[in-house]
Amino acid sequence: MALLAEGYRVALAGRRADALEQTAKESGAAASRALVVPTDVTDVASIRALFQRVKESFGRLDLLFNNAGVGAPAIPLEDLTPEQWQTVVATNLTGPFLCTQEAFRLMKGQAPRGGRIINNGSISAYAPRPNSAPYTSTKHAITGLTKQTALDYRNDSILCSQIDIGNAATPLTERMVQGQGVLQPDGRMMVEARMNADDVGRAVAYIAGLPLDTNV
């Protein structure tokens, strides 16, 4: 919504078409600028279809924001199932990798060439929460993917940034302000402060608007 407010044409990609349609409606943007594309980032064919729709509808790609993410239950590492681990890795790491591949192919071949990729990291990329091994591991890995992408594609005028967001005030973080709050590294339960999600949107839009000789 922040990008739409800045005048971008945006492909809204996520698993639930109803949520995407609601976002497009709330943005107030014309249908030609808010393209709804139901997408599962754990599915290669779904990702390829997304970028094909972008190419057909917009003709080029200037920005990819890798924002899909999921966590596992907050249980001890030894109690996690292989399926729970794989679900988080597929969404948080493999999905951004595959999206980056497709974005690179579009950005390298378009005229003028180039673009920007922004990966949504996390404070967990360097300061883990208790009982969050899959999420923490993937966010550490996202930092590596960001640095490698920035290095490998800089001669193609393709930049890669990472934003490590704290507790944005969304339904996903409601548990942090309910009851006793959430478990802390020192064993205490504590209610945590949250930040306005609109401020996160403005930060992403700021990075997106930088020239292609400047990276964050």
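The values are calculated or read from the model by the stated rules, or taken from the named source; none is laboratory data. If you're wondering where the values come from, they're calculated on a predicted model, not measured in any experiment. Cβ atoms come from the backbone with ideal geometry, glycine included; neighbour counts cover every protein chain shown. We work out accessible area using only protein heavy atoms, side chains counted, and drop any ligands, DNA or RNA first. Shrake-Rupley method; radii C 1.70, N 1.55, O 1.52, S 1.80 Å.
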**Message:** How large is log10 of I(q)/I(0) for the stretch 153-216 at q = 0.12, 0.25 Å⁻¹ when the intensity is taken from the Debye formula with one equal scatterer per alpha-carbon?
**Reply:** -0.48, -1.03
**Complete:** Under 5 Å from the placed amide H of I158, counting only residues 5+ away or on other chains, we find G115
**Message:** Averaged across orientations, what area in nm² does the convex hull of the alpha carbons in the stretch 67-185 project?
**Reply:** 8.3 nm²
**Request:** For the stretch 58-111, go through all pairs of different Cα atoms, get the mean of 1/r, take its inverse, and jot down that Kirkwood value in Å.
**Result:** 13.1 Å
**Request:** Loop only per DSSP, at most 11 neighbouring Cβ atoms within 10 Å: give me the chymotrypsin sites (Phe, Trp or Tyr not before Pro) in the stretch 102-188, ordered by residue number.
**Result:** none
**Item:** Residues whose placed amide H lies under 5 Å from that of A168, excluding near-sequence neighbours
**Value:** M195
**Item:** Loop trypsin sites (Lys or Arg not before Pro), the stretch 50-109 (other Cβ atoms within 10 Å of the site Cβ: 16 or fewer; DSSP)
**Value:** R60
**Request:** Restrict the search to the stretch 148-216; then list the trypsin sites (Lys or Arg not before Pro) that DSSP places in a loop and that have at most 16 other Cβ atoms within 10 Å of their Cβ.
**Result:** R188, R194
**Request:** Take the stretch 13-146, compute every pairwise Cα distance, and split them into 10 Å bins from 0; I just need the percent in each bin.
**Result:** 12, 36, 33, 15, 3, 0
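Roll a 1.4 angstrom probe over the protein heavy atoms and tell me the percent of accessible area of the stretch 86-216 that is carbon or sulfur.
Within the stretch 86-216, the accessible surface is 55 percent carbon and sulfur.
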